[in-house]
Amino acid sequence: MPNPATGPVPDRGGTTVSRSSGDMAVALLATTLDQLRQQTELAALWPLVIDFLCQLSGVHLVWLATYQSADKSLQGQGGQTAVGAPNFLKQRFPAMAGGLLDQVIMQKHLVSVPDLQAEPRAGEWCRVAKKLRIQGTVVYPISLRDDCLGLVLIGSNHWGEILRGQEHHFVSILLSGLAQEMHRLITPLSRSTPAPIPQPSPAPHLPKLSDLPPPIEVTPTPLDATLASQLLQEVSQAPTLTARIDGLLQRVQQAIQPAHTSLFTWQAETQDYLRRRTTANKPLPRENERKNVLIPAQVIPAFCQTLRSGQVVAISDAHGLVSSQSPIPLLQLLKATAILAAPVMMGEQLWGFLIADMPQSRIWSEADRQMLRVAAQFLALFTPVEAAESQLEKAEQARIFASGLTQAICSDQDWQGVLRQACEQLVNHLQAQAILLVRHDPDTGAFTVAHQHPLPRGRAGLVKLAALSSLDWRNLSNKSDPEVINDLAQDLRLISWHQALLSLHCPAWLVIPTQATGTPSHFLLMGRNNGAAWLEQDLQLAQMIARQLGVLTQQWQLQQQTQQQQHLYNALQRGLVAIQKTQNLERLELASIQNLMELLQAPLAALITWQPGQTQGWIIAPAQVLPKFSIRANYEIDINRDPLIQAALEMSQADESTFLNHPHPYPEVIQLSPTDLAPETREWLTGQDIGQVLAMALRTDPEYQPSGVVIVADRQDRSWPPAYLEALITLVNHLAYAHRSISLSNVLIEGWQRLEMLNWYKHRRIENLYRDLGGTYQQLYQGLTSNPPVALSQLARTGQQFQSQLTSLVPLLQQEAWELKPAMGQQQESLGLSTLLRRSLERIESLVKQKQLWTQVHNPEMLSVTGDIAKIDLVLQELLLCAAQRSQAQGRIDIWCQAIDSQWLELSITDDGQIDPRLLIDLHHRQHLDWLAPSTLDQPPGRHLRACFGIVEQLGATLDLYKLEDGRVLSRLILPLQVSA
């Protein structure tokens, strides 16, 4: 059978039984029920049921049998096994007293056996199970009210439970429909010839015909045989029972000639007598025909008692009545002066009375009395049949109602529409004025109205039901039968609901659990305001509908859970994908809090983060937050003093034993209410509607430093199901790993870039020093080897120059061993611009001569550059060197000097060389989009230029590299000028 679960379920023998969707399952169930209702023979029912059961997933044995009460045996009607349909499935099996099958028949409840082979009460079926390798087995009764019509045995090769919860409901609905159709087909047979199976009980809301007592005759005087024969001959010619009753009333009207002849019948619901039929000498107005005439039994007790004794009541003139038996209210209701009434008895009960009335006085003759008595006795013969037909009609209507509701549940209609349809029909069938479907929350003990009929009008909302006392809840949850309350105001049960239910103006209530077993999650409440008592058939119909609504609510809950899980899965997947794709720390933090808000459907999520070793944290929150859930995004938090942050950090350091002994199932998530928040936290968590706060630290391991705390806030009435908390923990843990990974990568990349700049700077310094020392060495060597020898003064100057060059390396070796340190805060160096340019051009002179380049300095001014001259000198040298390297032979390099203002100097270098456009883009970003992908910054000149960009930025200056429209390359350097004192 199609199953809500998906995926193949292989058995041990290699057979694969596929599971389809729940929609196919309910469609197949509805089709099978329709086919059962169309059959006209019992034998045609069995194959339909067997075929349906054979499609259950994991089923390897199906056996259907009918119960024979005469010899207490089970007659097999067929079935199916893994090897086909053996003949033994149609054999007769004894229902041994105390055995497994006898237990199902007697208790009329299903029995589940994990291993049929090891079940000692299985009898012959134990041997069959060993032969067919059947283990897990469930036996369902086919029952209708108090009678068991048969049973169905379903087995599997697997041990334990073989059917899922929804499959149990499908089988129960199918076998309930089978029982009703068996009753429908057996009833005609039982009236003619004995059926091969026992007479089943009618539907739950229909009393058995055998329960109706036969009428007894109360005849104070002998019955006129001639009159009886004439009446019997005339009445028997009527085609229907209603026509017979109408004909009998018309015959009495013609014989006695009263003003009216009426039939009053007993109404158990309202405890009064209703005029069912009436005839008159002249046609009655239509409004009088449609008007219901009711007389309460309590206002005519003596009259009813006289009739109940079998006597005829005759009143000739109401004006002179003094007897206690005088039915004055009845005379006033009929506007009569003279009446003649005869009882219509059904057993010992007064089912009704036949009454003839006159508006004026009349002496009733013995013939009148005899005629009315005989007619009443004939009516007493007809009343059981009429009652049975009425019950059958109601039963058929109830069956159609229940069948329609079952089809509606199995269809694709929305559940609110099905509830509305069910409530409307319940109102018509049970004369209920208020219907509530109440949901119970097992976590909070609260009750909420899932559906109310009729819906409240205007501004009035759904009824609010308070939590029940422990005694009321224990009594209500332990009962599977309806709780009947005929007068709520005088009843002490469900005292917490009195005010809410009485506001619906209904004193009589039924409270029915929608589940037959286990703790109910929903209750069906029905109220009446007409004073009518709840009859047995009302209770049975209401209970049956409640069970079907229980199936509906269970399906709805499963649908809600599925939708919730699908939402969590989709939101969690989007959050994890966003975390995996993001390598930028700021984008990661913003995207994560947005995903947290979507995942938890919360109005506020924020991240408190800080750098390692710092005590001040800053808040990262969405740009747009509801005002009532606001947070101060620009507020700096002292993480060591804030209790909320400290609580989250302490719990993130807890060991496994702390988690196991913690009363909360998710101790890593801190849950607080507004009253639990400290003033320090309220300084930055300022939203007025914040009713609950969740906090969890970003820590990948108790041994590692945390990098932040996630904050989630919502309303006071918000509940956090376990699925939401688990999703929160999953997403925050992944965020913690990504946050630490990116932060660690950033630290390593920044350190590597600083070392790369230091390496370039030291390399260029040593390279220039090597060149200068080489020149100094040549001078010294020439002075020592010249003839005549150079003067000592000249040698001393050369030695001083040599010493000065070596001394320039002291700051490099002492202060910049591992990172560059600009001369900020120290004595700033100054150097003339012309000297700086001349020195840089001298260092590239050999390359300029080699490529025959033409260089020119434009607008040289008497300006001085201030700052770390050694670094500025090397950057300018690198820019000129790159310009010379990319220039073509006999090219041109121009150097433009211009003071921007009194503080800054613009130095522009243009050349006509070719440059890779990707290098310009990479230098603009200065960072790899993908550190594993090749880049122009991985090798010179890009690698050297990136170091220059970093050093210039560290010096507080500006460096840009462009390609002009005319094809030239522009290197633009903005340097600080020396400010005149």
One residue from 161, 167 being open to solvent by 10 Å² or more (accessible area, probe 1.4 Å), closer than 14 Å to residue 56 by Cα, of a type in the set (Asp, Glu) and touching a residue at least 40 places away in the same chain (Cβ under 8 Å): 161
Out of all the residues in the stretch 723-748, which are of a type in the set (A, V, I, L, M) and closer than 19 Å to residue 587 by Cβ? 731, 732, 735, 736, 738, 742, 744, 747
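Every residue, every condition in (1) part of a helix (DSSP H, G or I); (2) under 22 Å from residue 618 (Cα atoms), yes or no:
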residue	(1), (2)
671	no, yes
685	no, yes
696	no, yes
711	no, yes
717	no, no
728	yes, yes
733	yes, yes
746	yes, yes
Go through the residues of the stretch 622-635 one by one and say whether even a single one is over 22 Å from residue 732 (Cα atoms), in the same structural domain as residue 740 (by the TED database) and assigned to a helix (DSSP H, G or I). yes
Could you pull out the residue among 549, 596 that is over 30 Å from residue 736 (Cα atoms) and touching a residue at least 24 places away in the same chain (Cβ under 8 Å)? 549
Conditions: (1) open to solvent by 50 Å² or more (accessible area, probe 1.4 Å); (2) more than 30 Å from residue 745 (Cα to Cα). Residue 908 meets all but one. Number of the miss? (1)
(1) among the β-branched types (Val, Ile, Thr); (2) assigned to a strand (DSSP E or B); (3) within 12 Å of residue 527 (Cβ to Cβ) all hold for residue 427 apart from (2)
How many residues are outside any loop (DSSP other than H, G, I, E, B) and in contact (Cβ under 8 Å) with a residue 60 or more places away in the chain if we restrict to the stretch 925-946? 4
Name the residues in the stretch 36-66 that are open to solvent by 10 Å² or more (accessible area, probe 1.4 Å) and hydrophobic (A, V, I, L, M, F, W, C), would you? 42, 43, 44, 46, 48, 50, 54, 59
How about the stretch 527-578: which of its residues are among the charged types (D, E, K, R) and more than 21 Å from residue 172 (Cα to Cα)? 528, 536, 538, 574
In the stretch 83-101, what count of residues is obtained for those that are open to solvent by less than 30 Å² (accessible area, probe 1.4 Å) and under 44 Å from the mean Cα position of the chain (by Cα)? 4
Name every residue in the stretch 103-115 that is open to solvent by less than 30 Å² (accessible area, probe 1.4 Å) and farther than 23 Å from residue 42 by Cα, in order of residue number. 111, 113
Within the stretch 666-725, work out how many residues are touching a residue at least 60 places away in the same chain (Cβ under 8 Å), over 29 Å from residue 446 (Cα atoms) and in contact with a Ser or Thr (Cβ under 7 Å, 6 or more places away or on another chain). 3
Residues (more than 26 Å from the chain's Cα centre (by Cα) and open to solvent by 50 Å² or more (accessible area, probe 1.4 Å)) located in the stretch 470-488: 470, 471, 474, 475, 478, 479, 481, 486, 487
Conditions first: (1) more than 27 Å from the chain's Cα centre (by Cα); (2) over 18 Å from residue 472 (Cα atoms); (3) open to solvent by less than 40 Å² (accessible area, probe 1.4 Å). Residue 501 passes all but one, so which condition is the exception? (2)
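Can you name every residue in the stretch 896-924 that is part of a strand (DSSP E or B) and closer than 16 Å to residue 882 by Cβ?
907, 908, 909, 910, 911
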Qualifying residue in the stretch 953-962 (condition: over 26 Å from residue 869 (Cα atoms), of a type in the set (S, T, N, Q) and part of a helix (DSSP H, G or I)): no
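Within the stretch 966-975, identify whether any single residue is open to solvent by 40 Å² or more (accessible area, probe 1.4 Å), assigned by the TED database to the domain that holds residue 905 and farther than 19 Å from residue 907 by Cβ, and answer yes or no.
yes
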Among the numbered conditions (1) over 14 Å from residue 969 (Cβ atoms); (2) without any contact (Cβ under 8 Å) to a residue 60 or more places away in the chain; (3) open to solvent by 80 Å² or more (accessible area, probe 1.4 Å), tell me where residue 949 comes up short. (3)
Tally time: how many residues in the stretch 68-82 are within 11 Å of residue 54 (Cβ to Cβ) and surrounded by 19 or more Cβ atoms within 10 Å (Cβ to Cβ)? 3
Meets criteria (modelled with pLDDT of 90 or more and either small (Gly, Ala, Ser) or surrounded by fewer than 17 Cβ atoms within 10 Å (Cβ to Cβ) (or both)) for residue 623: no
Among the residues of the stretch 771-779, is there at least one that is at pLDDT below 85, assigned to a helix (DSSP H, G or I), surrounded by 12 or more Cβ atoms within 10 Å (Cβ to Cβ) and of a type in the set (Phe, Trp, Tyr)? yes
Within the stretch 83-107, the residues that are among the hydrophobic types (A, V, I, L, M, F, W, C), in contact with a helix residue (DSSP H, G or I) (Cβ under 7 Å, 6 or more places away or on another chain) and part of a loop (DSSP other than H, G, I, E, B) are 95, 96
Residue count for the stretch 430-469, restricted to those that are more than 27 Å from the chain's Cα centre (by Cα) and either crowded, with 18+ Cβ neighbours inside 10 Å or among the β-branched types (Val, Ile, Thr) (or both): 3
Given the conditions (1) in a helix (DSSP H, G or I); (2) within 27 Å of residue 721 (Cβ to Cβ); (3) over 28 Å from the mean Cα position of the chain (by Cα), every one holds for residue 598 apart from (3)
Residue pairs, Cβ under 9 Å, 6 or more apart or interchain, first in the stretch 835-858 and on the phi < 0 side of the Ramachandran plot and open to solvent by less than 40 Å² (accessible area, probe 1.4 Å), second outside any helix (DSSP H, G or I) and among the acidic types (Asp, Glu). List them. 853/911; 858/894
Could you check, for the stretch 335-352, whether at least one of its residues is modelled with pLDDT of 80 or more, open to solvent by less than 50 Å² (accessible area, probe 1.4 Å) and not in a strand (DSSP E or B)? yes
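Give the stretch 511-550 a look and list any residue that's in a helix (DSSP H, G or I) and open to solvent by 20 Å² or more (accessible area, probe 1.4 Å), or say none.
Of everything in the stretch 511-550, those that are in a helix (DSSP H, G or I) and open to solvent by 20 Å² or more (accessible area, probe 1.4 Å) turn out to be 536, 537, 539, 540, 543, 544, 547, 548.
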So residue 922, is it closer than 17 Å to residue 969 by Cα, surrounded by 15 or more Cβ atoms within 10 Å (Cβ to Cβ), assigned by the TED database to the domain that holds residue 863 and under 58 Å from the mean Cα position of the chain (by Cα): yes
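The values are calculated or read from the model by the stated rules, or taken from the named source; none is laboratory data. Given the structure is predicted, the values throughout are model-derived calculations rather than measurements. A quick note on method: Cβ atoms are made from the backbone with ideal geometry, for glycine too, and the neighbour counts reach across all protein chains shown. The protein model used for the area step is the full one, side chains on, heavy atoms only, and it has no ligands, DNA or RNA in it. Shrake-Rupley method; radii C 1.70, N 1.55, O 1.52, S 1.80 Å.
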